[in-house]
Number of protein chains: 2
Amino acid sequence: MPILPTSDFMSLALRQAEAAARRGEVPVGAVLVRDGAVIAADGNRVEELADPTAHAEMQVIRAASAQAGGRLAGVDLYVTLEPCPMCAAALSLARIRRVYFGAYDPKSGGVEHGPKVFDHATCHHRPEVYGGLEERRAAELLRAFFRDRR
Amino acid sequence: MPILPTSDFMSLALRQAEAAARRGEVPVGAVLVRDGAVIAADGNRVEELADPTAHAEMQVIRAASAQAGGRLAGVDLYVTLEPCPMCAAALSLARIRRVYFGAYDPKSGGVEHGPKVFDHATCHHRPEVYGGLEERRAAELLRAFFRDRR
């Protein structure tokens, strides 16, 4: 797979979010990248799996870890929404190198909001964080989903 | 299954922690209880599954949610160690009613330490928390495990 620019990986994550919406899931998508190649891509599957932990980030971490035999040093995450505290802490445990996220999530986010999981001495690996990438597209997807549901 | 007192559920969690140690895992065990009956029991399986998210709490939440078809309202957790931020946030997402934990974890805990995940407006369900249950036994298990490894 050719090396793609950052915005293309976020486009792939957005496509995963759109696919999640079509499955009736809150539209969040995530992609893991190592050395310029996608190693996992998935969306939210909370409803499908009846698993409140099946956020997009958890899905890709678990898939890629199983494949890699453990932690994901040197791996970058692209996700359409600011990770919640569960996913933020999981990204730290997995030793993810960089986190690029789309929309900010003041209501439930755990990176820039609320518990700010990476900002404590109890966080033993802090990924580099880049927020607001393709923010408008990621936020519009979520808005459209919740508008259609009401 | 007969209704058991609280300390018996923690003994079951401790047995899961001991089993985890025998598998070479950091010895943490967890039990979920609904209406006085155990609905899930497991230990840490991070090494076995090559999954950094496979903490004891995540294992029992995922097993019980799949069984129950979703969230775990009215369900109580017994776990031998203070949950980390990932597990604390997952317990909130799963709508767990009460969290009883054994040893406090100043280094990596996320309930009474560090990000204190339940203590923010972004936490939309806060379980009742009871820490230090069978604390001595839970802490000794962890100490013995790390002593043997060094």
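What to note about this one:
- Scanning region A:99-150 for residues that are without any contact (Cβ under 8 Å) to a residue 24 or more places away in the chain and of a type in the set (Asp, Glu) yields A:Asp119, A:Glu140, A:Asp148.
- Residues that are in contact with a Pro (Cβ under 9 Å, 6 or more places away or on another chain) and among the hydroxyl-bearing types (Ser, Thr, Tyr) were ranked within region A:78-94; the one that is nearest to the other protein chains (Cβ to nearest Cβ) is A:Ser92.
- Flag if A:Val38 is buried (at least 24 other Cβ atoms within 10 Å of the Cβ), modelled with pLDDT of 95 or more, within 14 Å of the chain's Cα centre (by Cα) and more than 16 Å from B:Cys84 (Cβ to Cβ): no
- Residue check, A:Pro52 within 14 Å of the chain's Cα centre (by Cα), part of a loop (DSSP other than H, G, I, E, B) and closer than 23 Å to A:Ala103 by Cα: no
- Residue in region B:66-73 that is of a type in the set (D, E, K, R) and at pLDDT below 95 present: yes
- Subset of region B:95-122 that is aliphatic (A, V, I, L, M) and within 25 Å of B:Gly70 (Cα to Cα) - its residue that is nearest to the other protein chains (Cβ to nearest Cβ): B:Val117
- Residue in region A:64-79 that is in contact with a His (Cβ under 7 Å, 6 or more places away or on another chain) and either in contact (Cβ under 8 Å) with a residue 60 or more places away in the chain or under 19 Å from A:Arg136 (Cα atoms) (or both) present: no
The values are calculated or read from the model by the stated rules, or taken from the named source; none is laboratory data. Owing to the predicted nature of the structure, the values given are computational and were not obtained by experimental measurement. Neighbour counts run over all protein chains shown; Cβ positions are idealised from the backbone, glycine included.
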